[in-house]
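The values are calculated or read from the model by the stated rules, or taken from the named source; none is laboratory data. Note that the structure is a prediction, hence the values are computed from the model and not measured. Note that we place each Cβ from the backbone using ideal geometry, even for glycine, and neighbour counts take in every protein chain shown. The protein model used for the area step is the full one, side chains on, heavy atoms only, and it has no ligands, DNA or RNA in it. Shrake-Rupley method; radii C 1.70, N 1.55, O 1.52, S 1.80 Å.
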Amino acid sequence: MKSTFIAILLITANLCFGQKHDKIVVGIKTESDDWISDLEKIDSKEKQINFIVEKVKHDSIIKLENVSDTIVIKINKDENVNDAIIRQSNQYKCKILFVLSHNKTGYILDLNKYPIFSDVLKYFNEETIKSIEILKDENAASLYGSQAICGAVILNSDDKKIIKLIKKSIKKTAG
């Protein structure tokens, strides 16, 4: 009788307190726009970097199959391309694109594709990240295509240690 009671108690506790990561879904463009707006309001670079790192980590929970990989924008007669992108982008699930830029080379910070990049994120701070660029709407899409329909955040760095870690991580993933 005691073991049955304990089993029921454990099952109930698991149902009440267990976390369900499969409930996390990719946001639509308006949610990404809100996040970017919040990022722009942060007044210190260090706080912005921490905010970005948390978002990159959070987005790694999201399964890639939940993201629209191909986005087709239909332009109506007499419609501007940029207006068509904005009008239709709210129907697609997407993630903000995060890029580490070094000497005109961009490394996409996608922990789903390169889980080992999580080690690199530990080194992001005011000294290692020279500047942060935020691209929205057509500016992001014109540079990075449909994968940046929800916006792009470019972290510019000239830190050799971070770049060495990135290259080492890519080799490990490829090998």
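Amide H neighbours of L109 under 5 Å, counting only residues 5+ apart in sequence or on other chains, H built in-plane at 1.01 Å?
Excluding prolines and chain starts, which carry no amide H, the hits are F98, V99, L100.
Need one number: nm distance between label points at T105 and S131, each 7 Å from Cα along Cα→Cβ, rounded to one decimal.
A separation of 2.1 nm, rounded to one decimal place.
When the distances between all Cα atoms of the range 94-175 are binned every 5 Å from zero, what whole-number percent does each bin get?
Going out from 0 Å in 5 Å bins, the range 94-175 shows 3, 15, 26, 24, 19, 11, 2, 0 percent.
Measure up K55/K172; K29/K171; K136/K171; K29/K172; K45/K167; K41/K77 against 27 Å on the Cα-Cα distance and list the ones that go over.
Listed pairs above 27 Å: K29/K171; K136/K171; K29/K172; K41/K77.
When the solvent-accessible surface of protein heavy atoms is calculated with a 1.4 angstrom probe, in what order do E40, E46, E127 fall, highest first?
The most accessible residue leads, giving E127, E40, E46.
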